Amino acid sequence: MSSPCDDCLRRTWLIGALAAHIARAHERFGSLDSLLALDDGELVRGLAGRDADTFRIGLQRFDARSARRQISGSELHAACRHDELLYPGELRQMPDPPAIVHIAGRPDRARELLAGPAAAVVGARRATPYGLEVARMLGRELAGAGVTVVSGMALGVDAAAHSGALEAGGATIAVLAGGADVPYPASKRQLYGRVIAAGCALSELPPGFRPRRWCFPARNRLIAALASVTVVVEAAERSGALITARLAREIGREVGAVPGPITSSRARGTNDLICDGAHPVRGAADVLDLIYGAGGWAFGARARRAPALEPHLRRVLDQVSGGAATVSDLTAAGGTDARDAMVALSELELLGRVRRGPGGRYVATA
Amino acid sequence: MLARVATFAIDGLESRSVSVEVDVRPGLPAFTVVGLADAAVREARERVRAAILNSGFEFPLRRITANLAPAHLRKVGPGFDLGLAVALLAASGQVPPEAASRYAVFGELSLGGELRDCRGALAVAEGTRRAELRGIVLPRGRAGEAALVDGIEVLGVGTLAEAAAVLRGETRVATPAVELVRAAPNAADELDLSEVRGHEAALRALEIAAAGGHNLLLQGPPGTGKTMLARRLASIMPPLSRAEALEVTRIHSVTGLHDGSGLVGRRPFRAPHHSISAPGLVGGGSVPRPGEASLAHHGVLFLDELSEFGRASLEALRQPLEDGRVAIVRGQMACVFPTRFLLAAATNPCPCGFHGEPRCGCGESEIARYRRRLSGPLLDRLDLLVGVGRVAGDELAAPPRSSSADARGRVMEARERQAARLAGSSATCNGQMNAGLVRRHARLTAAADRALLEVYERTRLSTRGHHRVLRVARTVADLEASERVGRSHVLEALVLRQIDPAAEAAA
């Protein structure tokens, strides 16, 4: 495994060192645009202002060896742009590719995961139980079908997608907004551990780097680039996931969106995407169609059409799919008494058709 | 001359014998009280002097020394007035000393000589019987309460003069008769299940909670009726036995909650505000007083807005819930207060309360943080979780589903089966079964076993969660008079299962 070259290490260091300056520019202009496409000199000239000389000296004095030590000390692997083997090919097509991709987890696993097709599954942090369930299902079924699930490990949809993929064997890559060794958000520490054990985590920023605002759109461009299709599961009108979708479209990738209830504010972004031309995603099959072309794939084991349900269970399941989450909801709708509803819910849970979430509320599994 | 009269001190929830000794001898007029008396007791001198004079008796202008024995016991409160006054009258020959020594006396005096209402009459009467005295002289309003203790004469009087007359034999006072048949537990003003519309699942959960002694968590948006439902829990529990009723009466009498009208007929329902302190909840204070947990003994303790309660207060409840009693130690005094109650709690599903509805804007981390506040010792003790929601329009108009009497009947039958099964063990109901008892008594059919295993695997239920489900399933089976725990019983118990933090973490 070849080591990252000095230039790329220096570049990575520079981005990290200029973090605050980039933050100011991001705030002022509202977007990163092609800031990261500028070379070292241009970056310093454009951003450093009065500190320009300090940065130039820093660049001159840069110690590549200690940077390499820092990387290996954090138990990461690093592949720079010039690395034919490990650096993800998809990223080379970008106008502003990362100089170095830091990898947490087994580097050969990373290579494996990027050898085949990849789909990005992104969405709202404040997701509804429906959104979480769909994200999880997509993660599970896509990973189960041999597609690598790429996401950002954020709260909500991202985490659910990773969890789903882990349930199906772990074909998942988390692209982090901070250093590849920093689980962010901290509450997802456990998930991070499972992801790097079965899949891997990537980052363009130096080890230990704590994410700033601009790091999220920066990270999203990587997610869009790594995957051949980006699926937005749930997004409110101004969700960051919509940015990822836009970036994907800009680099010519397919974009899919999961429709949601028109009464839900959390579905406004995704429903709008569909109206603007994104492919509606009604299940993993639709995503596979986008990747392979319609009819160009088959599930290894024929997708199990769920076995037929007895009528009274079917009735309860339909109600739960329609939004009934508690026994109260079911009895209020009429047609069943509490005891029967309770037994039916448990039967459905045993069959895996519903899941009991926190607070004892039920949601239909996708 | 020296005279002695028996009276009592209230220590915690019990009464302790106190002997009031009064010595009157020639010397410069003085009136001293000794014997670890607190400020209220020392003020008794003024009350006693005025009461004696205003009752037409003579207050000896001699050297008077009163001692409240035993000296190591702290004497608190104004209940010693009558004892001091009668002993003084006996020592000055105004009341025959032998009569005074056969009866116990108890009560606070007004300056005019009237006897004021007192607390702890039942405890004092029990103490009188323990001391094998003939009877007790106490405020008339509390005679009914004291008469609950048989084997003693209860002489309720209104003034010091009357008390003296009774002791001199000049008047007779009859011990009040006590109806042993208490008012039916569901009197007209009682909260009844028949007033509830909708809430079928919650009603089912209430019945299971009452039948098996399972603590219950009601979760739902604000205003859906969680408090209303919790209040009716006591109405479907079996009626108090005589021994239980006596205990509750004594506790409530000592804390001043009982009106003296006889035996308490209903199970207590206590709903402390969430700002309550740990001592307020479990008992304490420099003079140990029982807390809400003891006031709820043999009844229901309801914690509304569970997440708002202080962590220290909830932590303090852990031992009482586990042991059924709490020991408060102050210096050399140790009081043990009973705390066997059914715990009910209510909480919102998320900070804004409307989780699951479109208007809920709570994020995942907010909800997680909110839920974390509920975790820990208390969640472990709440076997049941039921969602309470808005009642649909046509449910409101429908006839009532059940009445408290019906539900209570079923609950009592289920309790009897449990009592028979658990006789001789440490548990009196399913909710108290430990892991060993659960293994022994919750016999599952093969289908039930398979169902439970499936859930255990699929949801990564913890062992504790597993046992909780079994306990509840055993109660569901008891409600259906089934010897074995079958699949439908397990399925019902699963829907009502408590949040399992271990299972959530894996999700």
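For B:Arg410, the shell of other residues with beta-carbons less than 12 Å away shows a net charge of -2, using +1 for Lys and Arg and -1 for Asp and Glu.
Charge tally around A:Arg339: other residues with Cβ under 14 Å, Lys/Arg +1 each, Asp/Glu -1 each, net -3.
For the range A:54-147, averaging the sequence separation of C-alpha pairs within contact (under 8 Å, six or more residues apart) and dividing by the residue count gives a relative contact order of 22 percent. Amide H contacts under 5 Å for B:Arg330: B:Cys335, restricted to partners 5 or more places along the chain or on a different chain, H placed in the peptide plane at 1.01 Å from N.
Here chain A is treated with +1 on each Lys and Arg Cβ and -1 on each Asp and Glu Cβ, and its dipole about the Cα centre works out to around 620 debye. Other residues with beta-carbon under 14 Å from the beta-carbon of B:Asp323 carry, at +1 per Lys or Arg and -1 per Asp or Glu, a net charge of +3. Between the Cα long axis of helix B:81-91 and the first principal axis of chain B there is an angle of about 30°, rounded to the nearest 10.
Label-to-label distance, B:Arg460 versus B:Ala334, with points set 7 angstrom from Cα along the beta-carbon direction: 4.4 nm. B:Leu453 exposes around 100 Å² of accessible area when a 1.4 Å probe is run over every protein chain in place. For the peptide A:121-128, the mean number of other protein chain Cβ atoms found within 10 angstrom of a residue's Cβ is 2.
If R0 equals 41 Å, the separation of the Cβ atoms of B:Arg16 and B:Ala481 corresponds to a calculated FRET efficiency of about 0.30.
From the alpha carbon centroid of the range A:84-124 to that of the range B:230-304 is 65 Å. I'd like the orientation of helix A:157-167 relative to chain A: the angle between its Cα long axis and the longest Cα principal axis, in ° from 0 to 90, rounded to 10. Value to nearest ten degrees: 80. Along the charge dipole of the protein assembly as shown, which of A:Val287, B:Ser488, B:Leu167 sits closest to the positive end, that is, farthest toward it, with unit charges on the beta carbon of Lys, Arg, Asp and Glu (+1, +1, -1, -1)? Going by the charge dipole, the pick is B:Leu167. Across the range A:351-366, coupling constants 3J(HN,Hα) worked out from phi with the 6.51/-1.76/1.60 Karplus curve, θ = phi - 60°, read 7, x, 8, 10, 10, 9, x, x, x, x, 9, 9, 9, 6, 7, 7 Hz, and Gly and Pro carry x. Against the criterion of solvent-accessible heavy-atom surface with a 1.4 angstrom probe, B:Glu162, B:Glu114 sort, most first, into B:Glu114, B:Glu162.
Cβ distances below 4.7 Å define possible disulfide partners, and in chain A the cysteines left without one are A:Cys5, A:Cys200, A:Cys215, A:Cys275.
Solvent exposure of the protein assembly as shown amounts to 42 Å² per residue of accessible area, where only protein heavy atoms count and the probe is 1.4 Å.
Label-to-label distance, A:Arg92 versus B:Arg231, with points set 7 angstrom from Cα along the beta-carbon direction: 7.5 nm.
For the range B:197-236, a decrease in accessible area of 30 Å² or greater in the assembled protein chains relative to the isolated chain, with a 1.4 Å probe, applies to B:Glu200, B:Ala201, B:Arg204.
Rounded to the nearest 20, the size of the Cβ-charge dipole of chain B about its Cα centre is 980 debye, with Lys and Arg at +1 and Asp and Glu at -1. Spin-label model, B:Ala423 to B:Arg168: label points 7 Å out along the Cα-to-beta-carbon direction sit 5.9 nm apart.
Packing, as the average of other Cβ atoms within 10 Å across residues, places the peptides B:444-450, A:264-270, A:329-335 in the order A:264-270, A:329-335, B:444-450, highest first.
Residues whose amide H falls under 5 Å from that of B:Ala346, counting only those 5 or more places apart or on a different chain, are B:Leu218, B:Leu303, B:Asp304, B:Glu305, B:Leu306, with hydrogens built in the peptide plane. With all protein chains in place and ligands, DNA and RNA left out, the 1.4 Å accessible area ranks B:Ser294, B:Ser488 as B:Ser488, B:Ser294, largest first. Ranked by the mean number of other Cβ atoms within 10 Å of their residues, highest first, the peptides B:411-420, B:384-393 come out as B:384-393, B:411-420. Across the range A:315-325, rounded Karplus estimates of 3J(HN,Hα) from the backbone phi angles (6.51 cos²θ - 1.76 cosθ + 1.60, θ = phi - 60°) give 4, 5, 4, 4, 5, 5, 4, x, x, 5, 10 Hz, Gly and Pro being marked x. The residues of the range A:343-364 occluded by other protein chains by 30 Å² or more of accessible area, set against the chain on its own, are A:Val343, A:Ser346, A:Glu347, A:Glu349, A:Leu350, A:Arg356, A:Pro358, A:Gly359, A:Arg361; surface from heavy atoms, 1.4 Å probe.
Expressed as a whole percent, the accessible area of the protein assembly as shown that falls on carbon and sulfur atoms is 50 (1.4 Å probe). Computed from Cα positions, the angle between helix A:129-144 and the longest principal axis of chain A comes to roughly 70 degrees.
The listed residues B:Arg474, B:Arg439, A:Arg353, once ranked by accessible area (1.4 Å probe) with the largest placed first, stand as B:Arg439, A:Arg353, B:Arg474. Annotation for the B:A interface, with buried accessible surface near 3000 Å², both sides summed [1.4 Å probe; non-protein components not counted]. Note on B:488-495: average number of Cβ atoms from other chains within 10 Å of each residue's Cβ is 6.
The values are calculated or read from the model by the stated rules, or taken from the named source; none is laboratory data. All figures in this text were calculated on a predicted structure; none of them were measured in a lab. All Cβ positions, even for glycine, are placed from backbone atoms using ideal geometry, and neighbour counts span all protein chains on display. Only protein heavy atoms, including side chains, enter the accessible area calculation; ligands, DNA and RNA are left aside. Shrake-Rupley method; radii C 1.70, N 1.55, O 1.52, S 1.80 Å.
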